[in-house]
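What follows is a set of notes on a single structure, which appears directly below.
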Amino acid sequence: MTNDSERAANLLREHRESIDRLDAILVYTLAERFKHTQAVGRLKATHALPPSDPSREARQIERLEWLAKEADLDPEFAKKFLTFIISEVIRHHERLQK
């Protein structure tokens with residue numbers, strides 16, 4: 001391998017190692033988030049509160065779009081991502097109320 005090829009291979013390995021660490025952070029962060037949303041769901045079920053809160057969800061999406069812009073992340077991607085998470089949370093909350 002040439003020096004350039006070796007440098008490229010090392011950079012690729014370093015990027016992939018960083019990606020792997022970040023994927024682990026994302027998974028553990030999502031797990032922690034879902035622990036809290038499960039607690040919210042149990043609280044809502046106990047007190048006969050609706051599983052969905054559209055005004056909070058809209059505020060959260062707006063907030064995440066702003067954070068995405070600040071972080072130089074595509075706000076549309078961030079919105080789709082949070083919308084997916086919210087739909088999963090609502091699904092869990094509805095299941096807890098049955």
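Would segment 1-72 count as rounded, prolate or oblate if I go by the C-alpha gyration tensor, calling it rounded below 1.5 in a/c and otherwise prolate when a/b exceeds b/c, oblate otherwise? Oblate.
Per residue, the chain exposes an accessible area of 80 Å² to a 1.4 Å probe, with every protein chain left in place.
Place +1 on the Cβ of every Lys and Arg and -1 on the Cβ of every Asp and Glu in segment 1-75, take the dipole about the Cα centre, and give the residue among Ser52, Ala68, Leu12 whose Cα lies farthest towards its positive end. Among Ser52, Ala68, Leu12, the one farthest towards the positive end of the dipole of segment 1-75 is Ser52.
A simple rule links phi to the HN-Hα coupling: the Karplus curve 6.51 cos²θ - 1.76 cosθ + 1.60 with θ = phi - 60°, which for segment 52-69 gives 10, 10, x, 5, 5, 4, 5, 5, 5, 5, 4, 4, 5, 4, 5, 4, 4, 4 Hz, with x for Gly and Pro.
In this simple spin-label approximation, Arg16 and Arg33 carry label points 7 Å from Cα along the Cα→Cβ vector, and these lie 2.7 nm apart.
The 3J(HN,Hα) values that the Karplus relation (6.51, -1.76, 1.60; θ = phi - 60°) gives for segment 14-22 are, in residue order, 4, 4, 5, 5, 5, 4, 4, 5, 5 Hz. Gly and Pro appear as x. The charge dipole of the chain, taken about the Cα centre with unit charges on the Cβ atoms of Lys, Arg (+1) and Asp, Glu (-1), comes to about 720 debye, rounded to the nearest 20. As a length-normalised measure over Cα pairs under 8 Å and 6 or more apart, the relative contact order of segment 36-98 settles at 48 percent.
In order along segment 81-89, phi translates into HN-Hα couplings of 4, 5, 4, 4, 4, 4, 5, 5, 4 Hz, rounded to whole numbers, per the Karplus curve 6.51 cos²θ - 1.76 cosθ + 1.60 with θ = phi - 60° and x for Gly and Pro. Got a sec? Which residues in segment 84-98 would a label at Leu49 touch, if it sits 7 Å along Cα→Cβ and we count backbone N under 14 Å? Label zone hits: 90, 93-94, 97. Straight-distance candidates among the lysines for linking to Lys35, with alpha-carbon spacing under 22 Å and chain neighbours fewer than 8 residues away dropped: Lys44, Lys79, Lys80, Lys98.
The values are calculated or read from the model by the stated rules, or taken from the named source; none is laboratory data. All of these numbers come straight from a predicted model, not from anything done at the bench. Every residue, glycine as well, gets a Cβ built from its backbone with ideal geometry; the counts of neighbours run over all protein chains shown. The accessibility values were calculated without ligands, DNA or RNA, using every heavy atom of the protein model including side chains. Shrake-Rupley method; radii C 1.70, N 1.55, O 1.52, S 1.80 Å.
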